[in-house]
Structures are given as structure tokens and as C-alpha cells.
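Participant: Okay, here's the structure, questions in a sec.
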Amino acid sequence: MTTTITGATGIDNIKAATGAVLQVVSGVTTTRDTTTSSSWVATTIAATITPSSTSSKVFIVVSTSGNTNNTSSHNLYYSIFKGTANLGNATYGMGEVRGVSANIRAGINPSYLDSPNTTSATTYTLYFYSNGGSTVEIPANAGQTRSITLQEIQG
């Protein structure tokens, strides 16, 4: 089946099917983030997207790693934030790297489907904290490439 569209207004009136990816934005960094804070701290893993419709969804995928830095019984908790709003659990976020023995390194790959309900620029950032006051690091090894990818999905 062939569809013919004539005139400039025909192009303007094409609508993507529900679930179609409308745009993809990514943020990439090699900067290492460290903290001893027991409160949520922003990492340098962030990206901003401007949804084209209030009915759009934003699918967020983070790819990095974390290190408990030679400290047992202290955990690295992480979560994705939209602006200053935690999209995970207020205390435990979206996951953890558990410091059960010295120098635990693990992948950190949270994903989340958000309904921002806006057409304004929206920033998503990976946050983290240390539950015991010890140093925790993202990524596990200095210089590793880390990323966040945002996909606007037709609602």
C-alpha cells in the first residue's frame, strides 16, 4: 500500500503511531564523581529533553558503574532524578552497590519510563549517596565513559 502526501500541510499533519520514538537525546561524560555524603548528590551524568507533546513519555537509560572504595558495610545508593524530584524510592533510590567486602565494583544501569506531562525542557540526572559516610565513586574506574539516554515516546 502506498500513501501519497501532497502539499506542505500534508507533511505537517503526519502523526507518529503510539509508542514510536520521536527523538533521542544523550549525555556522555568521563568525569568521575565521588562523595561521602549521606544525602543525595548529583553526578555529572545528565541530559535534557524537550518533549513535543504533554502526552509523550520519556524512557531513561543510564549506563555506568560504581565503587564502594575499599569499605565494607557501606553502600552506594543511586537513583534517577527529574529536576530535583527523585523518581525512585526516597531512601533506597533505584538500586545499590553493597559494600559487603573491600572494593566492590558493580554496574549501575537503571532505566525508567517517565510521564513528564510537559513540553518544557526537562533534565534527568543520576544521583547517588553513601549510607555510612565512606567514599563512594561513580564510575568504578576513573576515565570510564558513562552515559544517559533519553527517548521521547509518542503517547
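The values are calculated or read from the model by the stated rules, or taken from the named source; none is laboratory data. Just so you know, these numbers come straight off a predicted model, no measurement behind them. In this analysis, Cβ positions are derived from the backbone assuming ideal geometry, glycine residues included, and neighbour counts consider all displayed protein chains. Note: accessible area is taken over every heavy atom of the protein model, side chains too, but ligands, DNA and RNA are not part of it. Shrake-Rupley method; radii C 1.70, N 1.55, O 1.52, S 1.80 Å.
Participant: Heavy atoms only, probe 1.4 Å: what % of the accessible area of the chain goes to carbon and sulfur, would you let me know?
Facilitator: Ligands and nucleic acids excluded, carbon and sulfur give 47 percent.
Participant: 7 Å from Cα along Cα→Cβ at both A16 and V100: what's the point-to-point distance in nm?
Facilitator: Output for this residue pair reads 4.2 nm.
Participant: In whole angstrom, and with the biggest value first, how far do the Cα coordinates of segment 91-155 range along each principal axis?
Facilitator: Reported extents, whole Å, longest axis first: 45, 28, 16.
Participant: Sketch the reach of a paramagnetic label on T44 as a point 7 Å from Cα along Cα-to-Cβ, and name the residues of segment 79-119 whose backbone nitrogen lies under 15 Å away.
Facilitator: It comes to no residues whatsoever.
Participant: Any idea what log10 I(q)/I(0) is at q = 0.27, 0.28 Å⁻¹ for segment 37-103, Debye with uniform C-alpha scatterers and no solvent?
Facilitator: -1.35, -1.39
Participant: So how much accessible area does S79 have, in Å² to the nearest 10, using a 1.4 Å probe?
Facilitator: 0
Participant: If the chain were replaced by its equivalent ellipsoid, with semi-axes equal to the square roots of 5 times the Cα gyration tensor eigenvalues, what would those be, largest first, whole Å?
Facilitator: In descending order the semi-axes read 38, 14, 12 Å.
Participant: Sticking with this one: Let me check something: with ligands and nucleic acids excluded, how do E152, E96 order by accessible area (1.4 Å probe), largest to smallest?
Facilitator: Details: E152 0, E96 70 Å².
Result of the area sort, largest leading: E96, E152.
Participant: For every other residue with a beta carbon closer than 14 angstrom to the beta carbon of A47, add +1 if it is Lys or Arg and -1 if Asp or Glu, then tell me the sum.
Facilitator: My count for the surroundings of A47 gives 0.
Participant: Please give the per residue accessible area of the chain, computed with a probe of 1.4 Å over protein heavy atoms only, in Å². Walk me through the numbers before you get to the answer.
Facilitator: Numbers: 7750 Å² over 155 residues.
Per residue, the chain has 50 Å² of solvent-accessible surface.
Participant: Okay, next question. Taking K and R as +1 and D and E as -1, what net charge do the other residues with C-beta under 15 Å from the C-beta of T119 add up to?
Facilitator: Numbers: positive: K57, K82; negative: D114, E152.
Here the charged neighbours net out to 0.
Participant: Something else: Based on the Cβ-Cβ distance of A85 and V61, what FRET efficiency does E = 1/(1 + (r/R0)^6) give at R0 = 25 Å, to the nearest 0.05?
Facilitator: So the FRET efficiency works out to roughly 0.85.
Participant: Same structure again: Which of T54, T44, T34 moves most in a GNM of the chain, Cα contacts under 10 Å?
Facilitator: Among T54, T44, T34, the largest mean-square fluctuation in the Gaussian network model of the chain belongs to T54.
Participant: Just read off the accessible area of S37 with the full protein assembly in place, 1.4 Å probe, to the nearest 10 Å².
Facilitator: Roll a 1.4 Å probe over it and S37 shows about 40 Å².
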